[in-house]
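The values are calculated or read from the model by the stated rules, or taken from the named source; none is laboratory data. Just so you know, these numbers come straight off a predicted model, no measurement behind them. For neighbour counting, all protein chains shown are included, and Cβ atoms are generated from backbone atoms with ideal geometry for every residue, glycine included.
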Amino acid sequence: MSFKSTYLQGVYENVCKRNAGETEFLQAVREVLESLEPVVEKRDDLVKAGIIDRIVEPERFIQFRVSWVDDNGTVQVNRGFRVQFNSAIGPYKGGLRLHPTVCASVIKFLGFEQIFKNSLTGLPMGGGKGGSDFDPKGKSDAEVMRFCQSFMTELSKHIGADTDVPAGDIGVGAREIGYMFGQYKRLRNEFTGVLTGKGLSYGGSLARTQATGYGLLYFTQEMLKSMKKDSMAGKTVVISGSGNVAIYATEKAVEMGAKVVALSDSNGYIYDPNGVNLDVVKQIKEVERGRISEYVKRVSGAEYHEGCKQIWTVKCDIALPCATQNELDQESAKALIANGVIAVAEGANMPSTPEAVEEFLKAGVMFAPAKAANAGGVATSGLEMSQNSMRYSWSFEEVDSKLKGIMENIFHNAYNASKEYGAEGNLVMGANIAGFLKVADAMKWQGVAY
């Protein structure tokens, strides 16, 4: 691919050379750099300061061995990662992912995206990400605990309440955060807000569980209202995934008057023309940790289909991909457009391929990119950090109200940036530019130490 700007072309070629084969990371960098073409034209000072050359290179990348003993007494070895990508506007902040697909490329892509997502929230948080190729599925609590303790023994050397504050992500929920926090406290002999997503009894924030899903809907509602004078009321919605984000996106969508007709997991998807019964989904996924196929055994009239890709052939007004990266491709985008979709908002990280995004923008479909639309989770993590610093906690309503305000501001910041830089309504470009400029100005003021 080529850029209009020879400077950006050179930056991208250099990133490709240094990170050969890291497809997820290169995809994320390309998408951001494409958006920065008009910024490079207007802001020669940022080019001269080498801001873009620096922002694509992590400040620090840590890889380490995680050895632990399973219930059979056998030693297992996994890889652990933490990328501390950018600290220009605050301590590194970003989740820990436990999944077999975790590798350097995935962690760098997520950490890079996190820089701009955190910037968009308006809170003082830099970008980071971490995790391991350990799979918590099918492991006993004791095995998960031993892994988490070993993982944190190394990670604890690199994090701290004012340095780097990890959170949960795929495979890391309250159980894993609890084990990691306990080990950090044991090693460091201090009780600090070093992790977010903690249990309420030891410094967690109310509304954190719901935050990403709720925030996604607050953003989508504001997008519909501002760009089309419309709302979620009466809309048919398809949501991929059935984890934390999908469940609470469903809850808030229904609260706003919409009908969610489909959810999925990695095996397949359910279609319920009467509207998904969320209580049944919560029982299966949150209590039993079961598969979404169980739903059709308990709800009459519902269908289950093997394979999750076909979920995007279900007719809907609003599509919310909330599962994983690159799950929605060009073919799926065309199917959604043919069925009359009016808006797509990303609840997962980079779930739409570049070709799919292009199709949506070309067809005039409102499209909300992940770094803007799913920032509710990290925004509430930032609010948890604030509460920990104050040794205080806000009510659910207070946190939820702050979250709603943050998500609405993110929409307007992204929309206004798209307008200012000649691409009104292109929220991909707007979010990238708005997120970038805040970090870029901070980096410029701080000199070239980083």
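Mind checking whether some residue in the stretch 259-266 is at pLDDT below 95 and surrounded by fewer than 17 Cβ atoms within 10 Å (Cβ to Cβ)?
There is at least one residue in the stretch 259-266 that is at pLDDT below 95 and surrounded by fewer than 17 Cβ atoms within 10 Å (Cβ to Cβ).
Hey, any hits in the stretch 180-192 for a residue that's crowded, with 20+ Cβ neighbours inside 10 Å and not in a helix (DSSP H, G or I)?
no
Can you report the number of residues in the stretch 164-179 which are part of a loop (DSSP other than H, G, I, E, B) and touching a strand residue (DSSP E or B) at 6+ places or on another chain (Cβ under 7 Å)?
4
Is the stretch 368-384 home to any residue that is touching a residue at least 60 places away in the same chain (Cβ under 8 Å) and more than 20 Å from Gly347 (Cα to Cα)?
Initial filter on the stretch 368-384 (touching a residue at least 60 places away in the same chain (Cβ under 8 Å)): 368-384.
Next cut, more than 20 Å from Gly347 (Cα to Cα) only: 384.
Within the stretch 368-384, one or more residues are touching a residue at least 60 places away in the same chain (Cβ under 8 Å) and more than 20 Å from Gly347 (Cα to Cα).
Is it the case, given these coordinates, that Ala174 is surrounded by fewer than 17 Cβ atoms within 10 Å (Cβ to Cβ), in contact (Cβ under 8 Å) with a residue 40 or more places away in the chain and in contact with a Ser or Thr (Cβ under 9 Å, 6 or more places away or on another chain)?
no
Let's see how each residue does on (1) modelled with pLDDT of 95 or more; (2) within 24 Å of Gly126 (Cβ to Cβ); (3) assigned to a helix (DSSP H, G or I):
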site	(1), (2), (3)
Glu358	yes, no, yes
Trp394	yes, yes, no
Asp400	yes, no, yes
Leu403	yes, yes, yes
Ile410	yes, yes, yes
Tyr415	yes, no, yes
Gly430	yes, yes, yes
Asp441	yes, yes, yes
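If you take just the helices (runs of 4 or more DSSP H) that sit entirely in the stretch 203-309, which of them hold at least 1 residues that are under 30 Å from Phe181 (Cα atoms) and of a type outside the set (Lys, Arg)?
Where helices (runs of 4 or more DSSP H) fall fully within the stretch 203-309 and carry at least 1 residues being under 30 Å from Phe181 (Cα atoms) and of a type outside the set (Lys, Arg), they are 211-228, 244-255, 278-282.
Taking Val75 and the conditions (1) without any contact (Cβ under 8 Å) to a residue 60 or more places away in the chain; (2) out of contact with any Pro (no Cβ under 9 Å at 6 or more places or on another chain); (3) within 21 Å of Thr163 (Cα to Cα); (4) surrounded by fewer than 23 Cβ atoms within 10 Å (Cβ to Cβ), which numbered condition does it fall short on, given that it satisfies the others?
For Val75, the failing item is (3).
Which one of Val165, Val194, Val144 is in contact with a Lys or Arg (Cβ under 6 Å, 6 or more places away or on another chain), within 28 Å of Gln63 (Cα to Cα) and at pLDDT 95 or above?
Val165
How many residues does the stretch 417-428 hold that are hydroxyl-bearing (Ser, Thr, Tyr) and either assigned to a helix (DSSP H, G or I) or at pLDDT below 95 (or both)?
So the count comes out to 1.
With Val378, Val344 as the choices, which residue is more than 15 Å from the chain's Cα centre (by Cα) and either assigned by TED's automatic domain parsing to the domain that holds Val245 or at negative phi (or both)?
The match here is Val344.
Among the residues of the stretch 128-135, is there at least one that is small (Gly, Ala, Ser), out of contact with any strand residue (DSSP E or B) (no Cβ under 7 Å at 6 or more places or on another chain) and under 23 Å from Ala373 (Cα atoms)?
no
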